Structures are given as structure tokens and as C-alpha cells.
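The block underneath contains the structure these notes are about, expressed in C-alpha cells.
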Amino acid sequence: MKSLLLMLALCQTFFSAVYSQPGLLVQETLQDAISGSSDANLGVRGSSASNYGVFGTSSNSAGGAFRSTTSGTPDLEIIASGPTAIGDDCTISSDRAFDDSDLILEGMDNLVIQIDKANAHTNSVFQVRNGDGTVVFSVDESGDVTKNGATLGLDFQSQSETVIQQLQEQVTVLQQKMDWMENQFKERNAKEPTEKSGQARQGEK
């Protein structure tokens, strides 16, 4: 039954431009509507001039699932439109038809972001931008953090030096107090034998 639906959907591809219907439409209630597999290339490929290249929806599961069985190979790769300064950018977006749509990334364990995977650059950064496109937060490959144009790494170092200096001053004050208490203890111990000796002489009289 699934093979028959797939054959009918392929026949619709020829008439898609005339009737403005999807080039491939498969509906299934129990199994995967479309399942693609390849040993050396893409499992599923879609292309459209004015709409989604691939669109999937499900009532009780994920709208789409992609997996690579080779370790180190991306499960989902977004291909750039061209090898240019702008064309080589790849974008993941929430629904642009709704201004309030959010993009949520979930990890059942760690959530890892790796910059400069190719290890071919020295100035790669992770950026957070506001609605105007202004960079408000960034982290470079060295771990230096910049917030609103100010490098926090230098501030952290300066703050650390200040804290260390304050601690050293407190230790010095504490040491002075301990020395004073020790001197007081020694002076008191030195006076006690003299006082006891005087009291003993008065008793003999």
C-alpha cells in the first residue's frame, strides 16, 4: 500500500506546476510517510522555487527525523547556497510567519556549540545579537568574552587582582592582631610568677 502511494505521489510531480500541488505528497497514519536511505549520499533531498523543499508534520511524533549511522557525520546538514561571503551562511529559523515564534534547542544531556570545526580560522566567534543585528555578547576561540563591546576577560583579571589584594590586606591585619594577642599573652605570663611571689612573701610575714 505504501509503495502504491509513493508511485501515485511521483506521478503527481509531473502535474505539480499546473495544479500548484506538492511535487510529492504521501500520507500515512501508522508508519513513516516517507523514509529515505543512502549508503553514500543524502537520505532525502527536496527542492522548491517558492516554498519548502521538504515539509513534514505529525500529530503524535516529531515532524521529521534525520540520522547518520556514521560516527562524526552530522545527522542533519544545512547546505549553503554558494561559496561566497554571504552565500556560504546557513540559517536555522523559527516560523517567520509569526513574529512571536520562538526557537528552542533541547538536549537530553549536554548542549554543545563548537566554533571553527574546520580549525581553519583564528577569529571565529559565537555571537548573540539583538533585534537590530547588533552584537551584544560574543565568545571567541580563546574564551574571551565580550559584552556590549567591552571585553570581560580583562575585567575579570582586574577584579581578581583587586580581590587578591583585598585578601592580602585582610591577612596582614589579622596577622597583626594575632601578634598583639600573642604579646599580651606573653606579658601576662611574665607577670603571674612575680605576683605569686609577692603574695607568698606577704603570707610569710
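The values are calculated or read from the model by the stated rules, or taken from the named source; none is laboratory data. None of the values given here were measured: they were computed from a predicted structure. Using ideal geometry, Cβ is built from the backbone for each residue, glycine included, and neighbour counts are taken over all protein chains shown.
On the stretch given as region 49-68, residues that are basic (Lys, Arg) and under 17 Å from Arg96 (Cβ atoms) total 0. Of all residues in region 104-129, those being loosely packed, with under 10 Cβ neighbours inside 10 Å and not hydroxyl-bearing (Ser, Thr, Tyr) number 16.
The condition of being outside any loop (DSSP other than H, G, I, E, B), more than 29 Å from the chain's Cα centre (by Cα) and at pLDDT below 85 holds for only one of Ser16, Ser37, that being Ser16.
Let's see how each residue does on (1) touching a Phe, Trp or Tyr at 6+ places or on another chain (Cβ under 7 Å); (2) at pLDDT 95 or above; (3) among the small types (Gly, Ala, Ser):
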{"site": "Cys90", "(1), (2), (3)": "no, no, no"}
{"site": "Ser94", "(1), (2), (3)": "no, no, yes"}
{"site": "Ser101", "(1), (2), (3)": "no, yes, yes"}
{"site": "Gly107", "(1), (2), (3)": "no, no, yes"}
{"site": "Asn119", "(1), (2), (3)": "no, no, no"}
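All of (1) modelled with pLDDT of 90 or more; (2) surrounded by 10 or more Cβ atoms within 10 Å (Cβ to Cβ) hold for Glu77 with one exception: (1).
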